Amino acid sequence: DIRVPQSSGYVYVSYLQASGEAVPLLWGRQFTAGQQLNLGKTGKRFRVSEPFGDELLIVITSPKPLFGEKQIGEDDRQYLSQLRQKILSLPDTEKSKLNASTLAIRTVEK
């Protein structure tokens, strides 16, 4: 479950895999104030595969779109660099309205 702010906006959920790939799970999805989002109810199925190890889920909400329709589908370093550049380019008033959460995940072979 993803709890969003009490104001409407856009959510970006990305998954940084142990392989070094950055995978968009929800990308620029609009939400309403106080709406609850659930990754499992999006109709997508997720499967963890090799390589296993340390991974990261990143959730960012913004009152305005941060990116265009472009899917990230690149390596995690490129994604994080682009994200950093985008956030640094925002006016201070917009930066203060961003919310970000991370969840560290360790995947292991079953």
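The values are calculated or read from the model by the stated rules, or taken from the named source; none is laboratory data. Fair warning: this is a prediction, and the values are worked out from it, not measured in the lab. All Cβ positions, glycine included, derive from the backbone under ideal geometry; neighbour counts span all protein chains shown. Each accessible area value is taken on the protein alone, full model and side chains, heavy atoms only, with ligands, DNA and RNA left out. Shrake-Rupley method; radii C 1.70, N 1.55, O 1.52, S 1.80 Å.
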Original post:
If you check Phe46 against the conditions, is it hydrophobic (A, V, I, L, M, F, W, C), modelled with pLDDT under 90 and open to solvent by 90 Å² or more (accessible area, probe 1.4 Å)?
Top reply: yes
**OP:** Inspect segment 76-88 for any residue being loosely packed, with under 14 Cβ neighbours inside 10 Å, of a type in the set (A, V, I, L, M, F, W, C) and part of a strand (DSSP E or B) and give the result as yes or no.
**Re:** no
**OP:** Determine the pairs where a residue that is in contact (Cβ under 8 Å) with a residue 40 or more places away in the chain and open to solvent by 10 Å² or more (accessible area, probe 1.4 Å), located within segment 1-14, has a partner that is assigned to a strand (DSSP E or B) and of a type in the set (D, E, K, R) with Cβ atoms under 7 Å apart, the partner being 6 or more residues away or on another chain.
**Re:** Tyr10/Arg29
**OP:** Consider Thr102 carefully, then state whether it is open to solvent by 50 Å² or more (accessible area, probe 1.4 Å), without any contact (Cβ under 8 Å) to a residue 40 or more places away in the chain and of a type outside the set (Phe, Trp, Tyr).
**Re:** no
Original post:
Looking at Phe31, Phe52, which is the one that is open to solvent by less than 50 Å² (accessible area, probe 1.4 Å), of a type in the set (Phe, Trp, Tyr), modelled with pLDDT of 90 or more and out of contact with any Pro (no Cβ under 8 Å at 6 or more places or on another chain)?
Top reply: Phe31
Original post:
When both residues are 6+ apart or on different chains and their Cβ atoms are under 6 Å apart, which pairs have a first residue that lies in segment 47-67 and is at negative phi, and a second that is open to solvent by 80 Å² or more (accessible area, probe 1.4 Å) and not in a strand (DSSP E or B)?
Top reply: Phe52/Val108; Phe52/Glu109; Pro63/Lys97
